[in-house]
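Would you mind keeping the following structure in view while I ask a few things?
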Amino acid sequence: MKSIGLIDCNSFYASCEKVFRPDLKNKPVVVLSNNDGCVVAMSPEAKRLGIPRGIPYFKAKPFLEANNVHVFSSNYELYADLSKRVMSIIKEQVPGFEQYSIDEAFFDISGLTENLDEFCHRLRSNIYQWTGIPTSIGLSLTKVLAKLANSRAKKTPHGLFFLGPFSVHTTKATGMKNIQQVLHETPVGAIWGISHRTEYKLKAKGIFTAADLTEAEDSWIKSKLTITGLRIVQELRGQETLFFEDIVPKKEIQCSKSFNSPVSSLNHLKEAVTDYVLNAFIKLRNQKSYCGNIEIFLTTTTINNSFRVRTLTREFTFLSPTHYLPELTEAACKLVTELYDKNTCYRKVTVQLGNLCTAEKAQNHLFHALDNRRDEVMNAVAKVDQKYGKKTLHCGVIKERSAWEMKRNMLSPRYTTCWKELPVVRV
């Protein structure tokens, strides 16, 4: 019998902020979006206060201060590193693994002979003990059903919920329900993969619950929801159609952020582009790919509504696919210079690396000689970054405090990725 699980980190961003702050235990915590714009993550204590997700910070600030809510800017370096640690623990302990997002992963333990209840409890316990991140696990027959089970697991005190015929392998301590019962209790809009637009379309046809959807004709589902929707319905019926897949390298990599304030200086734009190229390069290096072209997008801002917002773009194609950071940076700065207008203010820049391929599939130019020393330089950079932290070495000038830098006034330390910000313990 199939045993597909979904493990989800509870209130992940807020939980990461609490790991190195014992004083925040049982305290309400919220995390803000880029440039400290909106509330995007909350601890369970903050959720109980009724704080709306997505509310602008300036509107929520009086309420947050009145209720002693601890507010943090998004610390993406910390979240990414803790996510990597959590996923490595899961991957080591399960036979089948597929990371779904920064805080979620599917796993397949169909062939496990151990008591499933004890295994899941131990997995959650290990993750919490070794990282400090609380998790919940939903177990069922397919990925979509595991998603439904996980949403129930978050509401149980033990963080586990088994959906389906697992009685032989589990104990009475674990939450467990019959699949059909849960399908009748689940609104159609709560199904993984069903968008708001699709929800309205289904309700107009009299389909209000997951059970209603499973009873619809396959031909009608395929015509209205496409083959992807049909697979979701088949998964709800207990038929596995969304199989575990190997991680497929991305065909393009994009890095984009809005500026803290409008930028009109070419030097500031080059600083920002240099930083964004470095972010994209790290992703390129991690998936061991080469880049065929680079594209820059510059988004203008308005001054007293005198003209509309525009997005300007320019592309550069390399003679041969490359993963050489100086070459990427030089091309990006050249494109920014060509797009730049001294009479215009800019609010956003986007760097996109396209036509990605592996080293084996890279088509070199007939008259472009390759320099093997480039690989040696990039390998040395990777070793330095691995030892001393990301972005230890980079091209050009990158200032930490500039008009283009994302506003993060309530940023916590990067406890695990920066030597200068390691936690200090006094005994």
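Taking residue 155 as the anchor, which aspartates and glutamates have their alpha carbon closer than 16 Å to its alpha carbon, excluding any fewer than eight residues away along the same chain?
8, 45, 185
So, one more: Among 373, 21, which comes first, then next, by fewest other beta-carbon atoms within 10 Å?
Fewest to most other Cβ atoms nearby, the residues stand as 373, 21.
Give me Rg/Rg_expected for segment 253-388, where Rg uses Cα atoms only and Rg_expected = 2.2 N^0.38 Å with N residues.
That works out to 1.15 for segment 253-388.
How do the peptides 275-282, 182-189 rank, highest first, by the average count of neighbouring beta carbon atoms within 10 Å per residue?
Result, highest mean Cβ count within 10 Å first: 275-282, 182-189.
Does segment 184-236 come out rounded, prolate or oblate, given a ≥ b ≥ c as the square roots of the eigenvalues of its C-alpha gyration tensor, rounded meaning a/c under 1.5 and, failing that, prolate meaning a/b above b/c?
rounded
Right, something else. Provide, for q = 0.26 Å⁻¹, the log10 of I(q)/I(0) from a solvent-free Debye sum over equal Cα point scatterers in segment 120-163.
-0.83
If you don't mind, another one. What label, among (i) -0.41; (ii) -0.58; (iii) -0.46, belongs to log10 I(q)/I(0) by the Debye sum over Cα atoms at q = 0.08 Å⁻¹ computed from the structure on display?
(ii)
Ratio of segment 1-59's C-alpha Rg to 2.2 N^0.38 Å, to two decimals?
Normalised Rg, Cα atoms only: 1.36.
Still on this structure: How far apart, in nanometres, would the label points at residue 314 and residue 154 be if each is projected 7 angstrom from Cα along the Cα-to-Cβ direction?
4.5
While we're here: If I take every Cα pair under 8 Å that is 6 or more residues apart in the chain, average their sequence separation and divide by the length, what percent do I get for the relative contact order?
16
Grab the DSSP H runs of the chain that are 4 residues or longer, score each as -39,500 (n - 2.57), total them, divide by all residues and round the 222 nm result to the nearest 500 deg cm²/dmol.
-11500 deg cm²/dmol
Next up: Among the trypsin sites (Lys or Arg not before Pro) within segment 270-337, which fall in a DSSP loop and have no more than 15 other Cβ atoms within 10 Å of their own Cβ?
Those that pass, being in a loop and sparsely packed, are 288, 308, 310.
If you count, for each residue, the other Cβ atoms within 10 Å and average over each peptide, how do 3-9, 231-237 line up from highest to lowest?
Result, highest mean Cβ count within 10 Å first: 3-9, 231-237.
Given the peptides 411-417, 217-223, arrange them by the average over their residues of other C-beta atoms within 10 Å, most packed first.
Final packing ranking: 411-417, 217-223.
Read-outs throughout are calculated quantities, based only on the coordinates presented, and are distinct from any laboratory measurement. Being a predicted model, the structure only gives us computed values, none of them experimental. Positions of Cβ are backbone-derived with ideal geometry, glycine not excepted, and every protein chain shown enters the neighbour counts.
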